[in-house]
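> Attaching a single structure in C-alpha cells format; questions to follow.
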Ligand code: CDP
C-alpha cells in the first residue's frame, strides 16, 4: 500500500477529531486536522492581518497554541473560511498531505467533496446539536475555558449555519460518504464503527 486517503467531514464538535486520530493510530496513517489551518488563519486575522495574506503565509508555528481552540478563534476561522481565496490558498497543502505515502486521514468540512473527491473512504460524522454542545462544553471546561453550555451551543449554531450556508465548499455529506450519527453512541463506539468501516475497504486493498 502506498497511498490510502480517509476523508472525515461533519459539523462542529461531532467527534471528527477523536475518530480521525483513532483511525490514524489504528492503521498507522498520518492525520491532518484541517480545521487548524482555518483556526490559524483566523487567529492571524484577529491580530490584524489580511485574511488571504494570512492563509498564504501560514507557517508550521501557526498550528500551535491553546488559544487556537477558543470560541473567538473558532468564529474568526469560520468567517475567513467563507472567503474563496482563503480556501484556495490552503488547497494544495491539504492535497499534498492526502497523497503522502503511508496513508492519510484528513478531517474537516469539504474533504470528501472538494479536497479529496477520490478518497478511498469517506465518513460524514454528525450528532444532535445538544450532544455536540455538551461534548464541546466538557472539553473546553476541562481545559479551563470560561464558557457556559449556552455560549457553546450558540457558537456551534452560528458556525454551523455559516459553514453550511456559504457558497464555496459548504459543510456537506458527499454522495458516497458513510453517515455516522454518533448522537446515541459513546465516542469509543463511534470510533470502533469508523475503524470497522475503514478496515472493510482497506483489507480489500482497493
Ligand atoms: O473542532 P470544530 O469542529 O469545532 O472546528 P474545526 O474543525 O477546528 O474548524 C473550525 C472552522 O474552520 C469551522 O467552523 C469551519 O468554518 C472551518 N473549516 C472549514 O471551513 N473547512 C475545513 N475543512 C475545516 C474547517
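Computed from the coordinates by the stated procedures, all read-outs in this text should not be read as laboratory data. If you're wondering where the values come from, they're calculated on a predicted model, not measured in any experiment. Heads up, the Cβs are rebuilt from the backbone with ideal geometry, glycines too, and the neighbour counts pull from every protein chain shown.
> Inside segment 163-175, can you point out the residues that are surrounded by 13 or more Cβ atoms within 10 Å (Cβ to Cβ) and more than 15 Å from the chain's Cα centre (by Cα)?
Once the filter is applied, which keeps residues that are surrounded by 13 or more Cβ atoms within 10 Å (Cβ to Cβ) and more than 15 Å from the chain's Cα centre (by Cα), segment 163-175 yields 166, 168.
> Can you give me the number of residues within segment 135-167 that are within 13 Å of residue 13 (Cβ to Cβ) and not in a helix (DSSP H, G or I)?
The number of residues fulfilling the criteria is 1.
> From the list 86, 121, which one is under 22 Å from residue 18 (Cα atoms), surrounded by 14 or more Cβ atoms within 10 Å (Cβ to Cβ) and touching a helix residue (DSSP H, G or I) at 6+ places or on another chain (Cβ under 9 Å)?
121
> Quick one: which of 52, 6 is away from the ligand (no atom under 13 Å from the Cβ) and crowded, with 22+ Cβ neighbours inside 10 Å? Please lay out each step first, then the result.
Numbers: 52 fails: crowded, with 22+ Cβ neighbours inside 10 Å.
Testing whether each residue is away from the ligand (no atom under 13 Å from the Cβ) and crowded, with 22+ Cβ neighbours inside 10 Å leaves just 6.
> Moving on. Give me the pairs: first residue in segment 6-17 and under 18 Å from residue 137 (Cα atoms) and without any contact (Cβ under 8 Å) to a residue 40 or more places away in the chain, second residue outside any strand (DSSP E or B) and more than 8 Å from the ligand (Cβ to nearest atom), beta-carbon distance under 7 Å, and six or more apart or on different chains, which are they?
none
> Follow-up question, since we're still on this one. Go through (1) in contact with a helix residue (DSSP H, G or I) (Cβ under 6 Å, 6 or more places away or on another chain); (2) away from the ligand (no atom under 11 Å from the Cβ); (3) within 17 Å of residue 195 (Cα to Cα); (4) assigned to a helix (DSSP H, G or I) for residue 45 and report which single condition fails.
Result: residue 45 fails condition (3) only.
> Same structure again: For segment 66-104, enumerate the residues that are assigned to a strand (DSSP E or B) and either within 13 Å of the ligand (Cβ to nearest atom) or over 14 Å from the mean Cα position of the chain (by Cα) (or both).
Taking segment 66-104 as the starting set, the residues that turn out to be assigned to a strand (DSSP E or B) are 104.
Matches in segment 66-104: none.
> Right, something else. Any idea which of 159, 166 is out of contact with any helix residue (DSSP H, G or I) (no Cβ under 6 Å at 6 or more places or on another chain) and within 11 Å of the ligand (Cβ to nearest atom)?
On inspection, the qualifying residue turns out to be 166.
> May I ask you to verify whether residue 182 is in contact (Cβ under 8 Å) with a residue 60 or more places away in the chain, within 14 Å of the ligand (Cβ to nearest atom) and in contact with a strand residue (DSSP E or B) (Cβ under 8 Å, 6 or more places away or on another chain)?
Here the answer is yes, as residue 182 does meet what is asked.
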